[in-house]
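Working notes, beginning with the structure itself.
The values are calculated or read from the model by the stated rules, or taken from the named source; none is laboratory data. These figures come from a predicted structure and were not determined experimentally. Every residue, glycine as well, gets a Cβ built from its backbone with ideal geometry; the counts of neighbours run over all protein chains shown. The protein model used for the area step is the full one, side chains on, heavy atoms only, and it has no ligands, DNA or RNA in it. Shrake-Rupley method; radii C 1.70, N 1.55, O 1.52, S 1.80 Å.
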Amino acid sequence: MLSRTVHDQRSHLELITVYEACRLLGASLDIGRTFRGVLNVLAAHLGLARAMIVLPVPDEGRLGVHSSVGLSRAEEQRGTWQHGEGVIGHVFASGMPVVVPDVSQAPEFIDRTGAFGPHDGRMMAFVVVPLKTDRAVAGVLAAQREVQGGARLSDDQRLLTMVATLLAQAVSLHDAVSDDHRRLQLEATRLQNALQRAPSGRYALDNVIGESRPMREVFREVHQAAPSRSTVLLRGESGTGKEAVARAIHYLSPRKEAPFVKVNCAALTESLLESELFGHEKGAFTGAAGERKGRFELAHGGTLFLDEIGDVSPAFQAKLLRVLQEREFERVGGSRAVKVDVRLICATNRDLEKMVQRGEYRADLYYRINVVSITLPPLRERRDDIPPLVAHFIDRYNKENRRELRVTPEAMKVLTSCYWPGNVRELENCVERTATMVQGDTIRDLAFPCRQNRCLTQTLHFLDKADAVAAVSSLAPAPARPLPAPAASSAASIAPGEVTRIGPTHALPASPSRDEAVAPPAGERERLIWAMEQCGWVQAKAARLLHITPRQLGYALQKNRIEVRKF
């Protein structure tokens, strides 16, 4: 009966010891502090004279004392073992526990610390267990007790093995957290160094490709404006990527977890746009079978992107202004005010300032939406971005169509020299069209339509033959010698009137503009641009229209710094 009571007391003591060890190890990730606390618990509950935890020393290939109880600082510093050396090294290398009943009779016992040897002739036992994880041995737990009064070393070994398992998990977790912390520190240092190397800082957007200086400036403005709640107006020609930049602003803002809702204002009529943005009540109009939330309500807490904001009607501009001022609206057919918290991002490719001057756009709405204005440069002003854009489009096309197309340097030169009135959207369509129609796995320069005089851009953006004939026919005849016989292929050279001959330093002739049929602006630069546009930016045709030589025209273009559009 007495033996039964002693066994129960031992079991209860072991349970308390394991519980205290779990509590200490779960309280902190600082293994230096928690390991010392666990060793103190073992010494207090089990009566261990001395105990220590031995771990590998980083980058030194040896084992050293990490934490201890009953050892002085000098004894800890002396405690070093090579892998496989002594009982400590053997347990670490084999992963098997070892019990030494009497350290004075064990030749394999090496007491490097000088604290675990015999004391005053007493019989001292040494119990060593490994700290094992699923992958490897993380260290060693060693403890010493005096053998007296029927001490059962097997019970000590079992309990120390349980505690060593907990210690091993703590070491594994600490190493994982330390590795992640070290990796994050290195990444932060790398980014800081990269920002310091750049004169104005380098910024990037995940969904926008751009390496040129104008795009780096756009990225900087986006990163500056994104964290605020200010309304952003994105300006730029069609196809410059305004929607992609708007999406980037949303995901860089504190509202990134909330919805990003987009509406194309030019695609809907005034009545449909009002219902789409503000929603409607049941029975508000024919077909309104139920209540419907508008885009403002759907974007509550997030961002609403209004594309083509310059194309909304004057009547709807007043309704939109009220929402921006009061942050509330009423659904179509409703009388209850609905309050929303929405950040507004607008985009347009129109000149809002001129529209305000002509009375086509409300000035008060213009001032509301033009808080932070970001202008996206056209593709022709950032030609350095064309190669990475083409590489991105080709890579995406290859993945979607399981092909391995590549672009030759000659073909890339053709793309970088084009004018691209449609900007990135036009470049994407051109690359996809050429990649679809090309035979083989190589896109060469002759594969593009412009190299075969079949460029669709020239058809869409410049005068055809009939337009050129009508424009030139409206020129007032001059009492000078007649023009040479017109070439059949040149629409711009069949003018029936006379055009004054000019040289590089002469004033260009006044000619009517295409839209107003009156004399163009008086400046020489403006008339040069007019003549080039009439002839589809073909210098030979423009020279014949102005009755000068191509060499004189080239000199005039260079003098006035006019970029020749190439197709």
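Values computed for the structure shown
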quantity	calculated
In segment 110-137, the residues that are open to solvent by less than 20 Å² (accessible area, probe 1.4 Å) and modelled with pLDDT of 80 or more	113, 115, 116, 124, 125, 126, 127, 128, 129, 130, 131
Positions within segment 436-456 being touching a strand residue (DSSP E or B) at 6+ places or on another chain (Cβ under 7 Å) and exposed (fewer than 15 other Cβ atoms within 10 Å of the Cβ), in sequence order	441, 442
Residue 342, sole failed condition from (1) among the hydrophobic types (A, V, I, L, M, F, W, C); (2) more than 30 Å from the chain's Cα centre (by Cα); (3) crowded, with 17+ Cβ neighbours inside 10 Å	(2)
Members of segment 357-379 that are under 24 Å from residue 249 (Cα atoms) and of a type outside the set (A, V, I, L, M, F, W, C)	366, 367, 368, 370, 373, 375, 377, 378
Cβ pairs under 9 Å, 6+ apart, first in segment 248-260 and touching a residue at least 60 places away in the same chain (Cβ under 8 Å), second of a type in the set (Lys, Arg) and surrounded by fewer than 17 Cβ atoms within 10 Å (Cβ to Cβ)	250/256; 253/229; 255/229
Selection within segment 362-381 - in contact (Cβ under 8 Å) with a residue 40 or more places away in the chain and open to solvent by 10 Å² or more (accessible area, probe 1.4 Å)	362, 364, 368, 370, 371, 372, 373, 375, 377, 378, 380, 381
Any pair with Cβ under 9 angstrom, 6 or more apart, that starts in segment 388-409 at a residue that is within 12 Å of residue 432 (Cβ to Cβ) and hydroxyl-bearing (Ser, Thr, Tyr) and ends at one that is open to solvent by 60 Å² or more (accessible area, probe 1.4 Å) and modelled with pLDDT of 90 or more	397/403; 397/432; 397/436
Segment 238-259, residues that are surrounded by 17 or more Cβ atoms within 10 Å (Cβ to Cβ) and among the acidic types (Asp, Glu)	none
Odd one out for residue 222 among (1) within 14 Å of the chain's Cα centre (by Cα); (2) over 27 Å from residue 420 (Cα atoms)	(2)
Residue satisfying all of: in segment 138-151; of a type in the set (A, V, I, L, M) and buried (at least 17 other Cβ atoms within 10 Å of the Cβ); farthest from residue 10 (Cα to Cα) among these	138
Residue check, residue 426 surrounded by fewer than 19 Cβ atoms within 10 Å (Cβ to Cβ) and farther than 22 Å from residue 217 by Cβ	no
Residues of segment 81-109 classified as surrounded by fewer than 17 Cβ atoms within 10 Å (Cβ to Cβ) and assigned to a strand (DSSP E or B), total	2
Among (1) under 22 Å from residue 376 (Cα atoms); (2) open to solvent by 30 Å² or more (accessible area, probe 1.4 Å) - the single one residue 318 does not satisfy	(1)
